[in-house]
1. Filter region 220-248 down to the residues that are in contact with a Leu (Cβ under 6 Å, 6 or more places away or on another chain) and closer than 19 Å to Val65 by Cβ and list them by number.
2. Which is under 30 Å from Arg18 (Cβ atoms) and either assigned by TED's automatic domain parsing to the domain that holds Gln145 or surrounded by fewer than 24 Cβ atoms within 10 Å (Cβ to Cβ) (or both), of Asp320, Asp308?
3. What are the pairs with Cβ atoms under 8 angstrom where one residue, in region 206-218, is free of Cβ contacts under 8 Å to residues at least 12 places away in the same chain and the other, located anywhere, is among the aliphatic types (A, V, I, L, M)? Sequence gap at least six, or different chains.
4. How do the helices (runs of 4 or more DSSP H) wholly within region 1-99 filter down when requiring 1 or more residues that are touching an Asp or Glu at 6+ places or on another chain (Cβ under 8 Å), crowded, with 17+ Cβ neighbours inside 10 Å and aliphatic (A, V, I, L, M): which remain?
5. Tell me the residue from Tyr219, Tyr189 that is in contact with a strand residue (DSSP E or B) (Cβ under 8 Å, 6 or more places away or on another chain), more than 20 Å from Leu128 (Cβ to Cβ) and modelled with pLDDT of 95 or more, please.
6. Do you know which residues across region 17-35 are closer than 13 Å to Trp202 by Cα and either free of Cβ contacts under 8 Å to residues at least 60 places away in the same chain or polar (S, T, N, Q) (or both)?
7. So which of Glu186, Glu214, Glu206 is under 22 Å from Thr49 (Cβ atoms), acidic (Asp, Glu) and touching a Lys or Arg at 6+ places or on another chain (Cβ under 9 Å)?
8. If you check every pair at least six apart or on different chains, which have Cβ atoms under 6 Å apart with a residue in region 276-295 that is within 11 Å of Leu169 (Cα to Cα) first and a residue that is at pLDDT below 85 and aliphatic (A, V, I, L, M) second?
Amino acid sequence: MTMRTPARQGKFGEYGGRWVPESLVPACFAVADAFEEAWADPAFRGELTTMLARHVGRPTPLTAVSRLSAELGVTVVLKREDLTHTGSHKINNAVGQALLARRMGKRRLIAETGAGMHGVATATAGALLDLPVTVFMGEEDVERQAHNVFRMRYLGAEVAPVRAGSRTLKDATSEAMRHWVGATDEAHYCLGSVVGPHPYPWMVREFQRVIGEEAREQYAAVPDFVVACVGGGSNAAGTFAGFADTTAQLVGVEAVGGSGATSGQAGVLHGSRSLFLQDEHGQIREAHSIAAGLDYPGVGPEHAYLRDLGRARYVAVGDDAAVAAAGQLARTEGIIPALESAHALAWVAEAAGTPDLPAGSTVLLTLSGRGDKDITTLIARSEETVR
């Protein structure tokens, strides 16, 4: 089974589609048409490949982590998206969509962000292509990700704090989409994950596919397990795309407080039908994670589809386990991971030697970002532990 192009209406089984106000339907069709045309154009693909090499630092390497592997009893190899320019996988999609926006004749970019990495990536791509950028970010995330807020503003982007609801990623996404309604003629909405109305889940996956395709080529054989963290799920979708047609077991790791696929129900949010955390009245529940990028109450529709097919398994770990896993990687390998990626590491650490991840297994794990942005959170966590 491969992760194929969805049908014209953007459905992955029962999930996906375009559940948007009538005023946004033409804009969604325009983006879909432009992306289909661009993705089939060798000149567009060539320019994107060149930019990813010259400005992003692709291909990113694989790193065998021998000391961590020895401690866990499984062989772990990391796909190093933390080594990209800006420090996470988000730049792959941001550069792709910025090129698409320019091709469409758009004059500025709109984005949402949680952990700030997609905001930084979009601000970077906007600066590179001379496109003004407005980034919507939940007020709580503005406070806990001040490092990335400064980076976005330093790159020339406007950061618009969102004070509604939980003041995190869900509300930032809602506000960005509302802003887009009144700006479709001049602005492109550079959505950062495999969520939202068609074509975004498909388009973002295709821009992130480079992760999985590189890893497949770099890895000497097919690993037993391919593991990635999942908020909306863009780094996981990109990684899985390289291995969906192999024998590798695909595992997406969510945050306990933001788990969509493992405990959610089918519903509609941000223009797409997928699996979301909901109360007994069908209202979207607030998600929480120590990792701001996992503070989303659901998953992208293709992940819901892969779960239903049984092709991918989705599990969840908590804050404490993620923090411990980040520390273990730092101590054994000299790599400080983003707390989002640390959730994937935590599952490997917890499952190693069990039937879920037998001893001696080979694991390819996408390290989606570096932990610079989380140092303040980790300091506060350490102080709380001492107290």
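The values are calculated or read from the model by the stated rules, or taken from the named source; none is laboratory data. These numbers come from a predicted model, not from an experiment. Cβ placement follows ideal geometry from the backbone for every residue including glycine, while neighbour counts extend to all protein chains displayed.
1. Listed by number, the residues that qualify are Pro223, Val226, Val227.
2. Going through Asp320, Asp308 in turn, the sole match is Asp308.
3. Sorted first by the residue in region 206-218, then by its partner, the list stays empty.
4. Hits in region 1-99: 66-72.
5. Tyr219
6. Within region 17-35, Asp33 is the sole residue that qualifies.
7. From the options Glu186, Glu214, Glu206, the qualifying one is Glu214.
8. Cβ pairs passing all conditions: Ala292/Ala115; Gly293/Ala115; Asp295/Leu169; Asp295/Ala287.
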